[in-house]
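What follows is calculated from the coordinates using simple rules that are stated; it is not laboratory data. Bear in mind the structure is a predicted one, so any value in this text is a computation, not a measurement. Every residue, glycine among them, receives a Cβ derived from its backbone with ideal geometry; neighbour counts consider all protein chains shown.
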Amino acid sequence: MNLRSRNITVDALNRLAECSRDANVGYNVAARSATSPLLRAELSQYAMQREQFAHQLREAAQAMGETISEVVSFDSPPQRAWSEITPSSAQSDEAAILRACARAEIATLRCYDAIDLLVCPEWLRQLILTQHSAIERVLDRIRSLQHALAVSGARRAEEQRLKPDAQSASAINGEANRN
């Protein structure tokens, strides 16, 4: 690997490790903000997954005789998306949490897509592609959760809309029975 390719690869590893660290923090905040124990557990799993991704990327850099920067940039697109989730503002708004998670995952996938895989050694290319695929699966799952939440919300809204009608019918029946 020539010096230029090596520098491009190390820069890519730094960016992907940063995305993984951001996602680890973001998913942990999202998990603490979620009210559903099942969602909390799932988001915590994603946080652990991203911690593992960062570890794998650090090991890849070490295998190349390099180190990954631990400096966090607060202006990357994934970081901006993750910053939408704060424990105080997102508390109990799981739809907002899932929207922010989806936006952050889309931004993270763009970071992975921007990597020039042609300059990476095959073993590293495979690691990056494996992580990319896992992130795509998580994004699909988040979208599925968003859909399920929207459907259940619509169902609850419809039940609430029909509830007064049921009470009115009960009242009318009660009036009819008294007469």
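Here the dipole of the stretch 3-153 is about 120 debye; that uses its Cα centre as origin and unit charges on the Cβ of Lys and Arg (positive) and Asp and Glu (negative). Normalised by the number of residues in the stretch 3-153, the mean separation of alpha-carbon contacts (under 8 Å, six or more apart) gives a relative contact order of 28 percent.
Derived value for the stretch 3-153: Kirkwood hydrodynamic radius 15.7 Å. Basis is the mean of 1/r over every pair of different alpha-carbon atoms.
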